[in-house]
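Some notes on the structure that comes next.
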Amino acid sequence: RTPDDRRVRFLSPALRGGEVLENPWKASPKGRIKYPESRMKEILMSGCTDKEYSYDAFIEGVYHGAMTYYALQAIREANYALTYRQLQSRLGFLVEEAGYPQHPQLEGRSGNKKGQIFT
């Protein structure tokens, strides 16, 4: 273990009665993308790509998800005045600088990504 108790935490599909893949790194979608980003009404931020895990760690005396911790830090540093795209860019830098092997993702329409957070 690392000094900050970094580890992957996730819910196994088996606990929900789902199929567990033998090798998830070789998995591929069963069909074409049905919902392209250009048609999304929502903005989606996730802690990692579909081929990575999101990490939790003991940071400043409390367990946090790495993406959540650094997203809150980036938002506070910007005094809540940043776009989703700016947040994702800053978040990617902070997570990488802290040494987490994950790459936060932002999905949605291009115009929505340019929008101010929390409006």
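A few points about this structure:
- Table column - 3J(HN,Hα) (Hz), the range 84-93, Karplus curve with 6.51, -1.76, 1.60, x for Gly and Pro: 4, 5, 5, 4, 4, 5, 5, 4, x, 5
- Farthest toward the positive end of the dipole of the chain, out of ALA74, TYR100, PRO24, is the Cα of PRO24, where the dipole comes from beta carbon charges about the Cα centre.
- Qualifying lysines (Cα of each under 23 Å from Cα of LYS113; at least 8 residues distant if same chain): LYS34, LYS41, LYS51
- Shape of the range 1-50, Cα gyration tensor, a/c cut at 1.5: oblate
- In the chain, helices alone account for a calculated mean residue ellipticity at 222 nm of -7500 deg cm²/dmol, with every DSSP H run of four or more residues adding -39,500 (n - 2.57).
- For the range 22-85, a/c is not less than 1.5, where a ≥ b ≥ c are the root eigenvalues of the C-alpha gyration tensor, and a/b does not top b/c. That puts it in the oblate class.
- Spin-label proximity, THR83 to the range 32-57 - amide N less than 16 Å from point 7 Å beyond Cα toward beta carbon: 38, 43-44
- Value of relative contact order over the chain, rounded to a whole percent, pairs C-alpha under 8 Å and six or more apart: 31 percent
- Centre-to-centre separation between the Cα atoms of the range 47-62 and those of the range 1-46: 14 Å.
- The Cβ shell under 14 Å around GLY65 holds other residues with a net charge of -2, Lys and Arg each +1, Asp and Glu each -1.
Every read-out reported here was derived from the displayed coordinates using simple, explicitly stated rules and does not represent laboratory data. If you're wondering where the values come from, they're calculated on a predicted model, not measured in any experiment. Methodologically, a virtual Cβ is constructed for each residue, glycine included, from the backbone with ideal geometry; neighbour enumeration extends over all protein chains shown.
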